[in-house]
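The values are calculated or read from the model by the stated rules, or taken from the named source; none is laboratory data. Predicted model only: the values in this text are computed from it and were never measured. Using ideal geometry, Cβ is built from the backbone for each residue, glycine included, and neighbour counts are taken over all protein chains shown.
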């Protein structure tokens, strides 16, 4: 029972702060709401027996990624972003239709799933989420993926440097 | 591993997989809604982060369901991709801002505009 109460609290945090992220128009407040959302997701990861992923979530996501967001928001300042009426306003009803349709579809898919034990109490698990298990899985079975992530990060870093360089050159080195 | 002995043994109480999947789906739809209705590219990127996190909840949930680490590995790879995406996305936003253009994705609909 305790786990389900914990889940309810964390899930409420996730959904409430996610609503905040997409409704708050001030980017700074939206980013703070995103921090709450990411920390709640870390709680969910703890419930899912994945302590290592939960820690990485807190350090990398709620730490590094959101701080990067806050830096850029502070750099850009309180610029009034959108001016004038929304030229795509008449298509917004389509967005809501897509969301409602996908929601109904997901509800039906989950309700009709025949996966054994999907709605029952979960099975007990062995040690799958500790740093030792994750490290073993990475180095035993997923070495290629591990190297692939380093390649992705390298390409992203090169791309960021090129973007910044072009922007500086565009301002003639100011 | 204890998979064989545990496969028929349920825990006393716990959270079923379907609850995690429902939460994941709801969070994903909220992120998608944010991507569809927002105009500020910063808020768009925040909404994309919501969608990526929603997928991670489902991945780690299935990892627990099947009692293997694979889903968690996948979630970590998704985090790497998310970090790369944020770096490039924010770099683009700063580049757009330096060109003194409005931060509105609808106004940036033309290449070479």
Completion exercise
residue A:129 vs (1) part of a helix (DSSP H, G or I); (2) over 19 Å from residue B:23 (Cα atoms): all pass except (1)
Handout entry: Test set (1) at pLDDT 90 or above; (2) facing another protein chain (nearest Cβ under 9 Å) - residue A:151 fails condition number
Key = (2)
Handout entry: Of the criteria (1) in a helix (DSSP H, G or I); (2) more than 15 Å from the chain's Cα centre (by Cα); (3) facing another protein chain (nearest Cβ under 9 Å), which one residue A:25 fails
Key = (1)
Practice task
Kindly establish whether residue A:35 is within 16 Å of the chain's Cα centre (by Cα) and at the interface with chain B (Cβ under 7 Å from one of its Cβ atoms).
Solution key: no
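So if I check each of A:77, A:101, A:111, which one is under 30 Å from residue B:90 (Cβ atoms) and either more than 8 Å from every other protein chain (Cβ to nearest Cβ) or free of Cβ contacts under 8 Å to residues at least 12 places away in the same chain (or both)? Lay out the reasoning, then the answer.
Working: A:101 fails: under 30 Å from residue B:90 (Cβ atoms); A:111 fails: under 30 Å from residue B:90 (Cβ atoms).
Just one listed residue meets the conditions, A:77.
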Problem - Test: residue A:33 is assigned by TED's automatic domain parsing to the domain that holds residue A:6, in a helix (DSSP H, G or I) and closer than 20 Å to residue B:73 by Cβ - result: no
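Residue A:120: outside any helix (DSSP H, G or I) and surrounded by fewer than 16 Cβ atoms within 10 Å (Cβ to Cβ), yes or no?
yes
Looking at the range B:62-91, which of its residues are outside any helix (DSSP H, G or I) and farther than 19 Å from residue A:139 by Cβ?
Keep residues of the range B:62-91 that are outside any helix (DSSP H, G or I), which gives B:67-69.
B:67 - this is the single residue of the range B:62-91 that is outside any helix (DSSP H, G or I) and farther than 19 Å from residue A:139 by Cβ.
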Problem - Failed item, numbered, when residue B:58 is tested on (1) crowded, with 18+ Cβ neighbours inside 10 Å; (2) over 11 Å from the mean Cα position of the chain (by Cα); (3) more than 7 Å from chain A (Cβ to nearest Cβ) - result: (2)
Completion exercise
Counted residues in the range A:4-45 being touching a helix residue (DSSP H, G or I) at 6+ places or on another chain (Cβ under 6 Å), more than 18 Å from residue B:27 (Cα to Cα) and surrounded by fewer than 18 Cβ atoms within 10 Å (Cβ to Cβ) come to 1
Fill in the blank from the handout: Scanning the range A:1-22 residue by residue, those at the interface with chain B (Cβ under 8 Å from one of its Cβ atoms) and free of Cβ contacts under 8 Å to residues at least 24 places away in the same chain turn out to be A:1, A:2, A:4, A:15, A:18, A:19, A:21, A:22
Practice task
For residue A:105, indicate whether it is closer than 19 Å to residue B:22 by Cβ and more than 21 Å from the chain's Cα centre (by Cα).
Solution key: yes
Exercise for the section: Filter the range B:4-42 for residues that are part of a helix (DSSP H, G or I), within 7 Å of chain A (Cβ to nearest Cβ) and at pLDDT below 90 and give the result. Expected result: B:6, B:37, B:42
